[in-house]
Amino acid sequence: MSAFRNPEVVIVGGGIGGSALALSLAHVEIATTILEKSTLHVDRVRGEWISPWGVAETERLGIYDLLRQAGGHHVTKHVGYGDDVDAATAISEAQDLTMFANAGFKPPLCIGHPHSCDLLNAAAVQNGVELLRDVNEVQVIPGASPKVLFHHDGREHHFTPRLVIGADGRNSIVRRQAGIQLHRDPTHHLMAGMLVDEIEGWPDSVQTLGTEGDINFLVFPQSRKRARLYVCYSIDQKRRFAGADNQARLLDAFRLLCVPDSRYIANGVPAGPCNSYGNEDTWTDTPLAPGVVLIGDAAGHNDPIIGQGLSITYRDARMVRDLMLENREWTPAIFAPYVEERRERMRRLRLVATMFSVLYVEFGTRARERRIKYREERMKNPALDPAVAAMLGPEILPSEAYNEEVIERLRAA
Ligand SMILES: Cc1cc2nc3c(=O)[nH]c(=O)nc-3n(C[C@H](O)[C@H](O)[C@H](O)COP(=O)(O)OP(=O)(O)OC[C@H]3O[C@@H](n4cnc5c(N)ncnc54)[C@H](O)[C@@H]3O)c2cc1C
């Protein structure tokens, strides 16, 4: 037996999803322990832009005020610069992101990833959650009475909780140990990201994304002259942002002809590592096993190109919490609504991400012509815009709109 109290719930992974759920459970006095492998949350280049529908999930989880008070920054304007439009038109067609208030949503919220993890960890601990860091060799044995073994402080420990939550990210060991299969579509492009400080002259209310040459660029300001930058590029250019001077090369990529003030961004100062990832979707059919539930990236991740991972994770945490509170039996059957909703949610978001990639992360003359044509159509019907779908969430269109034919039509255009 462990030197620690035996909790009702063990959460493996104290990142965004694990700590948000732990905090929620602590509010209703469910004894919860988080097992986190890191000693510190550091910048690994993860999500820092929370979509409006995800912001609504933070409100439902009761953590919105916490994020805001700790510097969470609303971006209120979107300018769609790119090679499909001249800059003056892009500026005149800028979207006011406060307009989502009509649909009950706040504008996107930007906040650093390690900072969010630290905040949520601290709030969870203050509310009675036990957080064990520097934990390794976690072994989960699923079953009606699951068991969790782990090493901490040079000793082996074990718990016999009522439920184990796998919130241990993309390479989840809980998923593997529970025998839950992960599906994966092929990597369609690569994405490099970096946090940048001292961006003089770029308004912190304005986000932008678009395509020029052989990159798709994204800028998400976090206030106080700081922004998270991403560049998406072809998988044929694997080493484009590799090597010792990769930070300088990422900044240089922001010397863009289509963005009038892009030099302000390119002249910024790196505030974290420049890391690259493959962009693809992964998903599970059933993120469950007896005594085990997966949330967040552990249950499969959406292509980061549309910045949905945090929103997905917060909704997972909220849904799992609600189901746990509605029925205290915590059998796999009570999580069926979560399984069904998540399966359909991820299917829709996969389509939106593919649509976005076909439109904005394909390069050359034909791809540009497609963007120009599509821009005209979506000005007539903004709901067609995958960026809008990514902001208002996977329920914005009727189910039949999320259909493979949309992609085929787009490719053929
Ligand atoms: C390049 C990139 C850009 C992105 N941009 C966006 C964006 O703009 N907006 C957005 O919404 N999403 C974005 N995302 C996705 C978003 O970052 C993730 O979906 C989100 O962080 C998932 O949260 P999580 O809690 O499931 O996992 P994580 O945040 O990965 O947390 C998992 C935690 O588990 C711990 N852990 C892992 N293994 C173990 C183990 N064996 N034992 C114990 N602990 C363990 C880790 O240390 C970590 O603390 C992006 C992702 C990438 C890669």
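Return the distance in nm (one decimal) between the two label points of a simple spin-label model at residue 171 and residue 6, each offset 7 Å from Cα along Cα→Cβ.
About 3.3 nm, to one decimal.
State the dimensionless ratio Rg/Rh of the range 94-153 (Rg: radius of gyration of Cα atoms; Rh: Kirkwood radius).
Result: Rg/Rh = 1.24.
So for each of 187-195, 200-208, 404-412 I average, over its residues, the number of other beta carbons within 10 Å; can you give me the resulting order with the highest mean first?
187-195, 200-208, 404-412
Springs between alpha-carbon pairs under 10 angstrom, Gaussian network model over the chain: which of 284, 39, 331 fluctuates most?
39
Evaluate the Debye formula for the chain with equal point scatterers sitting on the alpha carbons, no solvent, and hand back log10 of I(q)/I(0) at q = 0.11 Å⁻¹, in q order, two decimals.
One equal scatterer on each Cα of the chain leads to -0.81.
Averaging sequence separations of C-alpha pairs under 8 Å and six or more residues apart, then dividing by the length of the range 343-413, give the relative contact order as a whole percent.
Relative contact order comes out at 49 percent.
Which residue, 146, 186, 161, has the most motion in a Gaussian network model of the chain that connects Cα atoms within less than 10 Å?
Its mean-square fluctuation being the largest, the pick is 186.
With a point put 7 Å past each Cα toward its Cβ, work out how far residue 381 is from residue 87 in nm, to one decimal.
The modelled label-to-label distance comes out at 3.4 nm.
Binned at 5 Å from 0, what are the whole-percent values of the Cα-Cα distance distribution for the range 1-148, short to long?
Bins of 5 Å from zero give 2, 9, 15, 17, 15, 12, 10, 7, 5, 4, 3, 1, 0, 0 percent of pairs.
Output the relative contact order of the range 186-319, whole-number percent, from Cα pairs under 8 angstrom with separation of 6+ residues.
RCO, the range 186-319: 28 percent.
Using alpha carbon centroids, what distance separates the range 1-51 and the range 333-377, in Å?
The two parts, judged by their Cα centres, are 30 Å apart.
What relative contact order, as a whole-number percentage, does the range 1-149 give when Cα pairs under 8 Å and 6 or more residues apart are counted?
33
For residue 263 paired with residue 94, estimate the spin-label separation in nm (one decimal), with each label point 7 Å from Cα along the Cα-to-Cβ line.
So the label points at residue 263 and residue 94 sit 2.0 nm apart.
Please compute one quarter of the surface area of the Cα convex hull for the range 351-413 and express it in square nanometres.
3.9
For the range 278-340, what is the Kirkwood hydrodynamic radius in Å, using each pair of distinct C-alpha atoms?
With all distinct Cα pairs of the range 278-340 included, I get 12.3 Å.
If you wrap a convex hull around the C-alpha atoms of the range 95-245 and split its volume per residue, what is the figure in Å³?
238
Using the Cβ atoms and a cut-off under 12 Å, what net charge is assigned to the surroundings of residue 124, where Lys and Arg are +1 and Asp and Glu are -1?
-3
Please express the Cα-Cα pair-distance distribution P(r) of the range 226-368 as a list of whole percents, one per 10 Å bin, running from 0 to the bin with the greatest distance.
Distribution as computed: 10, 30, 27, 19, 11, 3 percent.
Can you give me the span-like helices of the chain, meaning DSSP H runs with 15 Å or more of Cα extent along the axis and Kyte-Doolittle mean at or above 0.5?
Those that clear 15 Å and a mean of 0.5 are 16-27.
Order 345-352, 170-177 from most to least packed using the mean count of other Cβ atoms within 10 Å.
Going by the mean number of other Cβ atoms within 10 Å, highest first, we get 345-352, 170-177.
Would you mind telling me which residue in 42, 129, 231 has the biggest mean-square fluctuation in a Gaussian network model of the chain, where springs connect alpha carbons within a distance under 10 angstrom?
42
Have a look at the range 214-298 and give its Rg and Dmax from the Cα atoms, expressed in angstrom.
Over the range 214-298's Cα set, Rg and Dmax evaluate to 17.3, 55 Å.
Every read-out reported here was derived from the displayed coordinates using simple, explicitly stated rules and does not represent laboratory data. Remember, it's a predicted structure, so these values are computed and weren't measured experimentally. Please note: Cβ atoms are built from the backbone with ideal geometry, for glycine as well, and neighbour counts cover all protein chains shown.
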